[in-house]
Amino acid sequence: MARMPQAEVEITPALVERLLAEQHPDLLGGRELAILANGWDNTLVRLGEDLLVRLPRRQAAAELVEHEQAWLPRLAPRLPVPVPAPVRVGEPAAGYPWWWSVLPWVSGRTLASVPAGRRGPFGAPLGAFLAALHTPADADVWRNPFRGGALGEERVARVTERLEAWDGPRRVELLARWRGVQQTPEAPDARLWVHGDLHPLNVLVEGDTLAAVIDWGDLTAGDPACDLAVAWLGLDAEGAAALRTAYDHAAAHDLDRDHLWARAEGWAFHLATMLLASNDDHPELEVAARQGVTRLTERAIRT
């Protein structure tokens, strides 16, 4: 079981205060600093009531922050739901070795915190959001080797191994569904904007409203199928069907829809079994993975 990596740099409120005082002193006036969360990649520090400081806690995450800084401010104005594009950028300083960001604070709770049977209302707006996102990316956007491409032989083999070792219910049905998905033609060389890490912890809601989509470090250009896996990992059957209807109606790209959704199902198999095979200190992701596995025993999403 994989545990959350140790931080390579200790991030404290005192360090963040020094960084802000040197580079963005106008943001400090009257705002309190408090550590909000430590994730696998970043430490989140609340800055007053309206801002959030996001700092990589290890080298592997530093490049992802730079991708957000380069591309999200350009992409955010085109999207129908708020995304936390950096309002300020910080440089390495005060013994801290990487670039960091100041983001707007976005209120809401995660989709993962909503009971699975009550997520139906979020399907259509999430489908419309993804349709607006999945448009041609700029020519020089990086290609993420882990998202936005084909699953590849290695990951296909790993999914098969995990399913064969699955000790939960309906293993035979899961293997049959997985083998069927593998017959899907590979994606063309699509270069559409892709979030790359869309799961229920990165979708925020307020009431029945889709409030924001967060955590854009894996933003890339490629095949949008990996984003659409959220239909299995984040929604019930009703919500997933609404997502597909809204998406297929609004998406402007010319990718074959049946093949796209079959590839998305393949990504759902990969992500769900990967999350179940590891422990990233987020119980909510394990719940999402188990829900995804349960949903993958059903027939493909129908509109």
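Based on the mean of other beta carbon atoms within 10 Å per residue, what is the order of 23-31, 284-292, 136-144, most packed first?
Highest to lowest by the protection proxy: 284-292, 136-144, 23-31.
Give the long-range amide H neighbours of L36: residues separated by 5 or more places, or on another chain, with amide H under 5 Å away, using H modelled in the peptide plane at 1.01 Å from N.
L44, V45, R46
For the chain, what does -39500 (n - 2.57) per DSSP helix run (n ≥ 4), summed and divided by total residues, give at 222 nm, in deg cm²/dmol to the nearest 500?
-12000 deg cm²/dmol
I'd like the distance separating the alpha-carbon centroids of the stretch 111-136 and the stretch 229-272, in whole Å.
Rounded to whole Å, the Cα centres lie 10 Å apart.
Please give the FRET efficiency for A70 paired with T245, using the beta carbon to beta carbon distance and R0 = 35 Å, rounded to the nearest 0.05.
It comes out at approximately 0.55.
Simple spin-label model, 7 Å along Cα-to-Cβ: T135 to V287 in nm?
So the two model labels end up 3.5 nm from each other.
Treating the Cα atoms of the stretch 109-296 as identical point scatterers in vacuum, please give the log10 of the normalised Debye intensity I(q)/I(0) at q = 0.10 Å⁻¹, two decimals.
The computed values of log10 I(q)/I(0) come out as -0.36.
Over all distinct alpha-carbon pairs, what is the Kirkwood Rh of the stretch 13-104 in angstrom?
It is 13.5 Å.
Show the residues, 5+ positions off or on another chain, whose built amide H is closer than 5 Å to the amide H of A211.
L204, V205, E206
On a full-extension model of 0.36 nm per residue, what is the gain between M274 and F146, subtracting their alpha-carbon distance, rounded to one decimal in nm?
44.8 nm
Run through the stretch 3-93 and list the GluC sites (Glu not before Pro) located in a DSSP loop whose Cβ has at most 11 other Cβ atoms within 10 Å.
Filter output for the stretch 3-93: E10, E32, E49.
According to a simple spin-label model (label point 7 Å from Cα along Cα-to-Cβ), what is the distance in nm between S113 and Q59?
Those two pseudo-labels are separated by 3.6 nm.
Given the Cα-Cα distance of Q182 and L44 and 0.36 nm per residue of separation, how much length would full extension add, in nm?
Here the segment from Q182 to L44 would lengthen by 45.8 nm.
Once the piece of chain linking L36 and E206 is laid out straight, how much longer is it, given 0.36 nm per residue of separation minus the C-alpha distance between them?
Stretched fully, the L36-E206 segment lengthens by 59.2 nm.
Counting only Cα atoms, I'd like the Rg/Rh figure for the stretch 224-263, Kirkwood definition for Rh.
In the stretch 224-263, Rg relative to Rh is 0.94.
Would you mind checking the stretch 55-85 for residues with the amide N under 14 Å from a putative spin-label position 7 Å along Cα→C-beta of V106?
Zone members listed by number: 68-69, 72-85.
Two decimals is fine: what's Rg over Rh for the stretch 91-154, C-alpha atoms, Kirkwood radius as Rh?
1.08
At 7 Å along Cα-to-Cβ for each site, give me the label-to-label distance between R78 and A21 in nm.
About 4.2 nm, to one decimal.
Contact order normalised by length for the chain, with contacts defined as Cα pairs under 8 Å and 6 or more residues apart; what percent is it?
21
Coordinate-derived values only; no laboratory data. Fair warning: this is a prediction, and the values are worked out from it, not measured in the lab. Glycine also receives a Cβ, built like all others from the backbone with ideal geometry; neighbour counts cover every protein chain displayed.
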